[in-house]
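One structure is given here, and the rest of the page talks about it.
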């Protein structure tokens, strides 16, 4: 999409917001509403999720408690449905040696699955199941069980000397989620095709598509290495101190592109730039965006808008359901600093034709934006890259006062803070 289209979108956005009656573009001062529990009076913890390496078509899930010495105690066993789904209810307190357990729960899955790279039905045995670990589960958490959660378990075991502590589990889950650009625990993969159980369902989220494609890339690697076990061993060995070796990350990205271009790809997605996986194995950095300038103390900065240009290869997580209008995923751009009530809207323009990616940002408040930090943007960095704060730049900056009138004397502070 061209820059002039971005200007039109912003103009229409500002007009729409202005009709809302707020001083800058009509941002509403609404409190965030958090969803509560499901209202169940049960004290049990209900684990639900999907087992996938593609999706399991049958099999068994076993849930274990893990004590401080790494010893496992079986809590529940259940079957896996035809679309990889499972549901297991476990007590919130479980008598183990006369006491109640808290801490780590491990979910193991084994059975038959549909392999994305070959189209064949393959199996994972009970002697080497896929595993996922979760610390102190309560309520109704989603727990996917996949090769990525298996990687996280292996990383956690290494970090904790084989005892699988809660700290190690949380750290490893976050680490693998960052490397693979998706929440590996709370996101359920879907079938890697255009069926209603896969990409053809309008309710399938971008995160679910990305997860499923990441698993397909691992299947493609496994086809070349001879087995999933060998691929996981190689990937696990390539990860150290929260980073993946550049060579391994590049191989993973190549596998994704090869899968997308292959005849066995039934997802309908053929371009990796229309996913959030273009920087698989890379890092994620926070870009802090601040305002600077000199203003009369009585002057309120009601809002600002600007185009932010990203360094070559750097991407943002977006929803590619409509490639012409890409919205950022939740949490990618957020108000920060002293005024966290700032309202934010953005439109993402992925890189194309040799141009780096850009994002058009509108931020406003019913009060005044401070001449300080106002926003934080999560940027996905390619493997081996190390962009500098000065590699980010801004164009088309506009500021408005509390009455919506153009305002001079204020701008984006440079260089940015990148951490």
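Going through 402, 390 one at a time, which residue ends up being loosely packed, with under 15 Cβ neighbours inside 10 Å and more than 26 Å from residue 323 (Cβ to Cβ)? On inspection, the qualifying residue turns out to be 390. Residue 382 passes every criterion in (1) closer than 23 Å to residue 284 by Cα; (2) crowded, with 21+ Cβ neighbours inside 10 Å; (3) touching a strand residue (DSSP E or B) at 6+ places or on another chain (Cβ under 7 Å) apart from (3).
Residue-wise test of (1) farther than 30 Å from residue 221 by Cβ; (2) at pLDDT below 90; (3) in a loop (DSSP other than H, G, I, E, B).
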{"site": "21", "(1), (2), (3)": "yes, yes, yes"}
{"site": "31", "(1), (2), (3)": "yes, yes, yes"}
{"site": "35", "(1), (2), (3)": "yes, yes, yes"}
{"site": "46", "(1), (2), (3)": "yes, no, no"}
{"site": "50", "(1), (2), (3)": "no, no, no"}
{"site": "56", "(1), (2), (3)": "no, no, no"}
{"site": "64", "(1), (2), (3)": "no, no, no"}
{"site": "68", "(1), (2), (3)": "yes, yes, yes"}
{"site": "86", "(1), (2), (3)": "no, no, no"}
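Mind telling me which of the residues 140, 73 ends up being at pLDDT 90 or above, part of a strand (DSSP E or B) and surrounded by fewer than 20 Cβ atoms within 10 Å (Cβ to Cβ)?
Numbers: 140 fails: part of a strand (DSSP E or B).
Unique residue meeting the criteria: 73.
Of all the numbered requirements in (1) at pLDDT below 95; (2) within 18 Å of residue 212 (Cα to Cα); (3) surrounded by 21 or more Cβ atoms within 10 Å (Cβ to Cβ), residue 120 misses one, and that requirement is (3). Of the residues 308, 213, only one is in a helix (DSSP H, G or I) and either over 30 Å from residue 395 (Cβ atoms) or at pLDDT 95 or above (or both); which? Result: 213 is the single residue among 308, 213 that is in a helix (DSSP H, G or I) and either over 30 Å from residue 395 (Cβ atoms) or at pLDDT 95 or above (or both).
Just one residue in the set 326, 362, 344, 398 is farther than 30 Å from residue 269 by Cβ and either at pLDDT 95 or above or under 22 Å from the mean Cα position of the chain (by Cα) (or both); that residue is 398.
Can you tell me how many residues in the range 165-183 are closer than 18 Å to residue 280 by Cβ and not in a helix (DSSP H, G or I)? It would help to see each step written out before you state the result.
Our first condition is that a residue be closer than 18 Å to residue 280 by Cβ; within the range 165-183, this holds for 172-183.
Filter once more, so that each one left must be not in a helix (DSSP H, G or I): 181-183.
Selection size over the range 165-183: 3.
The condition of being outside any helix (DSSP H, G or I), out of contact with any helix residue (DSSP H, G or I) (no Cβ under 9 Å at 6 or more places or on another chain), touching a residue at least 12 places away in the same chain (Cβ under 8 Å) and closer than 24 Å to residue 204 by Cα holds for only one of 119, 111, that being 119. Entry remark, the range 237-251: residues being touching a strand residue (DSSP E or B) at 6+ places or on another chain (Cβ under 8 Å) and part of a strand (DSSP E or B) number 1 in total.
Of all the residues in the range 240-261, those that are over 20 Å from the mean Cα position of the chain (by Cα), surrounded by fewer than 22 Cβ atoms within 10 Å (Cβ to Cβ) and touching a residue at least 40 places away in the same chain (Cβ under 8 Å) number 2.
Taking the range 276-291 as the range and being farther than 21 Å from residue 238 by Cβ and either at pLDDT below 95 or surrounded by 17 or more Cβ atoms within 10 Å (Cβ to Cβ) (or both) as the test, the residues that pass are 287, 288, 289, 290, 291.
Based on this model, can you work out whether residue 199 counts as within 21 Å of the chain's Cα centre (by Cα), more than 17 Å from residue 270 (Cα to Cα), in contact (Cβ under 8 Å) with a residue 40 or more places away in the chain and surrounded by 16 or more Cβ atoms within 10 Å (Cβ to Cβ)? Considered against the rule, which asks whether it is within 21 Å of the chain's Cα centre (by Cα), more than 17 Å from residue 270 (Cα to Cα), in contact (Cβ under 8 Å) with a residue 40 or more places away in the chain and surrounded by 16 or more Cβ atoms within 10 Å (Cβ to Cβ), residue 199 comes out as no. Count of the range 165-183 residues, restricted to those that are more than 18 Å from residue 105 (Cα to Cα), crowded, with 23+ Cβ neighbours inside 10 Å and in contact with a strand residue (DSSP E or B) (Cβ under 6 Å, 6 or more places away or on another chain), is 1.
The values are calculated or read from the model by the stated rules, or taken from the named source; none is laboratory data. Everything quoted here is computed from the prediction, not taken from an experiment. Using ideal geometry, Cβ is built from the backbone for each residue, glycine included, and neighbour counts are taken over all protein chains shown.
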